[in-house]
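Colleague: Pasting in a structure now, in structure tokens, and then I'll have a few things to ask.
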């Protein structure tokens, strides 16, 4: 189906199903239970899953396939957000023109930055992208204030022209009249599921983005990108010009970032320069590595993982901890709470940093590798020797000729 | 003329910080071949050594002074630092006042130990891994370190003043025959610059005149050969990492009166320091120092109103702009050796 | 007029004259060896041919066209493939993919953004790659990682990658360097087979006299950056100058 073989099709369908049922799957605890706070099926968080998923999928096309580590991708995210908000200001709250402009501008911006940065490789490339992103960030705060509205952030004001906004038209973001913040809340038994327009809009785009990346991974172009990572010298002595390949990958991933930025602004019509800071670029690097760079599912898993636990961990406070450890004797309880305390709540970043280090040190394949190892363990016990599926890990992907 | 001089002076303190951090980065990169994204965090840890010492010195006990009352009419509670109680208010007060310079003594062993621990525990295992992995793991470490500091010291900047006698400013203009109040330069910045020069001089002398330094320099030039000579280069590299950590830490200690330290100051300086290293030439120590001062001064010039009127926003991007131009036209940097990381 | 014509090429590295007025003419469909003691300039010459180095003066003509100043990938596209001293392959890719890439390069040129069609849909490319791999007896390892191959298999894979491009000139840089005698003999057989079954011009840089004399039809001897003599293997063997410059030195 859709130009994919049976296994990829099945893989894609699973992803589609998971995405569509997210509002149910992430709401496993009844509203009345004490665990309800670990439900993640509310619109804002789900939207973030989809948006950061797109961001990470795009980043993975560059880093996962070519090995070029960009530390400046947040700049494209920011550009996408600004472009979209400007469309809101000039036209109307329909998100479509904004998203289109976001992809185009971030693509052009990526073309410019990529053209210069890709003249170097390795650490120099990382530093060049970092320098460009910091430059954009600084400019957004200073000279470009007329475009970015500086520290306040860009937003829509009532006196903005909004030429296409009809009398009595929607004053929240929407897609052809369907407001993004509209939700259908369905109470089923003790559970409560929220089906939000914004989430499904992001989800459909995320699925399309995932599908496109799947096609790129399976295409000759994707193979060339992996060849760039593997051996550039052999590439040029095989008559291939590596520069346009890496540039194309850079621009595509920049456009993904721009799209993600546009979607962020579409969910909440605001754009601030902090989205462009290099720590934000670092976040997408974390997501991709944590999930498994160079794999199809990795970046999505990484993005979901980080955003989910960011949300959960920041909710855990000492009261919750005391609740958990209440069955222990008092002294031990207090001790455990004291030990765990720095890692939860506001300490989420500490946990994230540690986790990230552990992954880089021990599990360069990320969460996907964990999954593969578990599966191998499982299948070996089941008696089928080594049925592990390396298909979704291009590093070991002997599938092309099937 | 006086305006130019003023900008040069203004650029010196930031330039000193850049130069010191970049010096450590280059030492580590040149000797160990490791790209250390946690180096900014070491600078930050140094600054918090000063904060810690200040906290220790001002550790107080509470007494009730019946002779005075607070605004509610209750007897006044007086906090007396133990130091003052032990050494008397005069000496004790002076010790507290001098907590930042004293923190140098405190920071050296602390930072060297941290450096040793980092190299032995983590960096060592990444010598043979790709640069991307080194960047990633040290980036993770930087996050961990800054979050730990945030946990203990909070997110707000902590004022850490210089000793009383250095708080004023020097009217530099008068010394050079200009009108008074034209070139005013805070004493502490002058101290910082001189301190930086001393450290830089010390590191260079150490590398030049000690056998240890000679081996390290040889290792920077050609690691394999030195290894073949049967010299235990790895142990020396551990020491080198400790020294680099100490240099970054001391730069942080002395910087605290200029900018109140906060947990993310390391990240802020890190990006710029990397840019400095690249401009100076990857692996070139004099290059790092030169580029540090050069970029610090350049930044200060770019923030002149006259310049900003012509090129708005130039002060925000000048360093990056220079780095990009250098990387594209002369990838080995100002003083880098030919062929070192040129690709 | 040979397919490859090198005229008056000079290359200097600082104070070292690496190549001094080198002239070389390789005839079409011939196997031409370039030999010489260490530091004679063999590798420098090869690097000048493939665009890695640019000579200070002189011309390099391939098939009547100058290749000077062109980038390596452009030179390859004119029909020159190169085998390295240590095999340069795509270690992270499968054996089959390794050979498909040069097939794509030959068909689509230096760059093409074919990002949507899947690799599986490229039947003809795959068949072509498989055919070459069968010729190189690697058909059992199509789906293995290239990095997992033995050194000899890597050499054969690299050869397959070059042959898949159907180059008009194949440059080999010490193809038997560091090999055991048995492997060297295997490589000689392989090259002989390529010579006999394909219309291909080969230029071999080699240290090992055994290899050179079993394969080459013409031999150029380089010494200190300049060509000493050029002749058939029979004549080279007895040539006094060569004995002096090369064999004499090699045997002490």
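A short reminder: the numbers here are calculations on the coordinates, not readings from a lab. Since we're looking at a predicted model, the values are computed, not measured. Heads up, the Cβs are rebuilt from the backbone with ideal geometry, glycines too, and the neighbour counts pull from every protein chain shown.
Colleague: Checking a compactness column here: for chain A, what do you get for Rg(Cα) / (2.2 N^0.38 Å), N being the number of residues?
Modeller: 1.04
Colleague: If I take R0 = 51 Å and measure r between the Cβ atoms of residue B:68 and residue B:4 in this structure, what FRET efficiency does the formula 1/(1 + (r/R0)^6) give, to the nearest 0.05?
Modeller: My answer for the efficiency is 0.40.
Colleague: In addition: On full extension of the chain, what length is gained from residue A:6 through residue A:33, given 0.36 nm per residue of separation minus the C-alpha to C-alpha distance?
Modeller: 5.6 nm
Colleague: I've got another one for you. Quick one: what does P(r) look like for the protein assembly as shown with 20 Å bins over all Cα pairs, in whole %?
Modeller: 11, 36, 35, 15, 3, 0
Colleague: Right, another one. Once both axes come from the Cα atoms, what is the angle between helix B:82-97 and the longest principal axis of chain B, in degrees from 0 to 90, rounded to 10?
Modeller: Helix B:82-97 and the main axis of chain B meet at about 60 degrees.
Colleague: Nearest 10 degrees, 0 to 90: what angle lies between the long axis of helix C:151-164 and the longest principal axis of chain C (Cα atoms)?
Modeller: So the inclination is approximately 80 degrees.
Colleague: Provide A:42, B:82 in ascending order of the number of other Cβ atoms located within 10 Å of each residue's Cβ, fewest first.
Modeller: Listed from fewest to most nearby Cβ atoms, that is B:82, A:42.
Colleague: I need the peptides A:91-102, C:8-19 ranked by packing, meaning the mean over residues of other C-beta atoms within 10 angstrom, with the highest value on top.
Modeller: Most protected by this proxy first, the peptides run A:91-102, C:8-19.
Colleague: Additional query: How far apart, in nanometres, would the label points at residue C:65 and residue A:308 be if each is projected 7 angstrom from Cα along the Cα-to-Cβ direction?
Modeller: Placing both labels 7 Å along Cα→Cβ, they lie 5.6 nm apart.
Colleague: Whole angstrom only: what separates the Cα centroid of the range C:136-192 from the Cα centroid of the range A:277-325?
Modeller: Answer, in whole Å: 46.
Colleague: By what distance, in whole Å, do the Cα atoms of the range C:92-153 stretch along each of the three principal axes, largest value first?
Modeller: Principal extents (Cα only, largest first): 33, 22, 19 Å.
Colleague: Return the single residue from B:215, B:51, B:253 with maximal mean-square fluctuation; model: Gaussian network over chain B, springs between Cα atoms under 10 Å.
Modeller: Taking springs between Cα atoms under 10 Å, the residue moving most is B:215.
Colleague: Helix-only mean residue ellipticity at 222 nm, chain B, DSSP H runs n ≥ 4 weighted -39,500 (n - 2.57), per residue, nearest 500. What is it?
Modeller: -23000 deg cm²/dmol
Colleague: Still on this model: Averaged across the residues of B:142-154, what count of C-beta atoms belonging to other chains lies within 10 Å of each residue's C-beta?
Modeller: 4
Colleague: Evaluate the distance, in nm, between pseudo-label points positioned 7 Å from the Cα of residue B:304 and of residue C:123 along their respective Cα→Cβ axes.
Modeller: 7.3
Colleague: Here's a follow-up. For chain B, with a Gaussian network of springs between Cα atoms less than 10 Å apart, report the residue from B:24, B:88, B:115 with the top mean-square fluctuation.
Modeller: B:88
Colleague: So what is the relative contact order of the range A:274-357, in percent, for Cα pairs below 8 Å that sit 6 or more residues apart?
Modeller: 23
Colleague: Counting alpha carbon pairs within less than 8 Å and at least 6 residues apart, what relative contact order, in whole percent, applies to chain C?
Modeller: So the answer I get is 28 percent.
Colleague: What are the extents of the Cα atoms of chain C along their three principal axes, in Å, largest first?
Modeller: 58, 40, 33
Colleague: For chain C, what is the mean residue ellipticity at 222 nm derived from helices alone (per DSSP H run of n ≥ 4: -39500 (n - 2.57); sum divided by total residues; nearest 500 deg cm²/dmol)?
Modeller: Result for chain C, helices only: -10500 deg cm²/dmol.
Colleague: Using only helices, what value at 222 nm comes out for chain A when you add -39,500 (n - 2.57) per DSSP H run of length 4 or more and divide by the total residues, to the nearest 500 deg cm²/dmol?
Modeller: Theoretical 222 nm ellipticity from helices: -20500 deg cm²/dmol.
Colleague: In percent, what relative contact order does the range A:6-296 have, based on Cα pairs under 8 Å that are 6 or more apart in sequence?
Modeller: Normalised by residue count, the contact order of the range A:6-296 is 38 percent.
Colleague: Rounded, prolate or oblate for the range B:68-109? Axes are the square roots of the Cα gyration tensor eigenvalues, ordered a ≥ b ≥ c, and the cut-off for rounded is a/c under 1.5.
Modeller: Prolate, because a/c is 1.5 or more and a/b exceeds b/c.
Colleague: Further, regarding this structure: How much length, in nm to one decimal, is gained on full extension between residue C:27 and residue C:147, taken as 0.36 nm per residue of separation minus their Cα-Cα distance?
Modeller: Taking residue C:27 through residue C:147 to full extension adds about 39.6 nm, to one decimal.
Colleague: Right, next: At R0 = 35 Å, how high is the FRET efficiency between residue C:54 and residue C:186 if r is their beta carbon distance? Nearest 0.05 is fine.
Modeller: 0.45
Colleague: Highest GNM mean-square fluctuation, chain A, Cα pairs closer than 10 Å: which of A:336, A:69, A:77?
Modeller: A:336
Colleague: Can I ask one more? By how many degrees, 0 to 90 and rounded to 10, does the Cα axis of helix B:285-302 deviate from the longest principal axis of chain B?
Modeller: 60
Colleague: Let me ask you something else. Obtain the nm distance between the two label points defined at residue B:120 and residue B:187 by a simple spin-label model: each point lies 7 Å from its Cα along the Cα-to-C-beta direction.
Modeller: 4.2
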